[in-house]
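Below is one structure, written out as structure tokens; the observations come after it.
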Amino acid sequence: MRRLLILTLGLIVLGCGAVQMYPGPALPPEKVAVLEIRNLTVYAVDGVPPGRARTKKLQILPGEHMLRASHNVEGYGPMPFTYTFTAEAGHGYLFGADYKIERTLSWRPWIKDAANGNIIGSWN
């Protein structure tokens, strides 16, 4: 019971200030997933732009999603990519990338389950 309470509170905090990326009225936290954007620029979720604001949190419905994004490293120009993953209701996710800059920019995007840190999804 305590673990469930902690998980629920964590999802509420993670979802605070998140932009709703689905039509209709707002749903309770246990019926949506929250995607927190780290060091990437997101252009669209399932073809829908997240709005003009440079939001860092998006509320999405459970199911498969296609994200269109790019790195946000100055001087290298955007390199848009598509990332697909399946979200579960009541879960939080982190969307970011690992970077290595030497002579060229080397990077790899990822989505991690916020609860266990497992990387999920794929990019192309």
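Where a number appears in this text, it was derived from the coordinates with a stated rule and is not lab data. Only a predicted model underlies this, so the values are computations on that prediction, with no experimental measurement involved. Here the Cβ is made from the backbone with ideal geometry for all residues, glycine too, and neighbour counts use every protein chain on show.
In whole Hz, with x marking every Gly and Pro, tabulate ³J(HN,Hα) for the stretch 84-90 from phi via Karplus 6.51 cos²θ - 1.76 cosθ + 1.60, θ = phi - 60°.
Computed from phi, the couplings for the stretch 84-90 are 10, 7, 10, 8, 10, 4, x Hz.
Sequence-distant or interchain residues sharing an amide H contact under 5 Å with ALA87, placed H: which?
It is GLY63, GLU64, HIS65, by chain and number.
Label-point separation (nm) for GLU102 and SER122, each offset 7 Å from Cα along Cα-to-Cβ?
With each label placed 7 Å out from Cα toward Cβ, I get 2.9 nm.
Explain nothing, just compute: Karplus ³J(HN,Hα) = 6.51 cos²θ - 1.76 cosθ + 1.60, θ = phi - 60°, for every residue of the stretch 92-103 in order, whole Hz, x for Gly and Pro.
x, 9, 10, 10, x, 8, 9, 10, 9, 10, 10, 7
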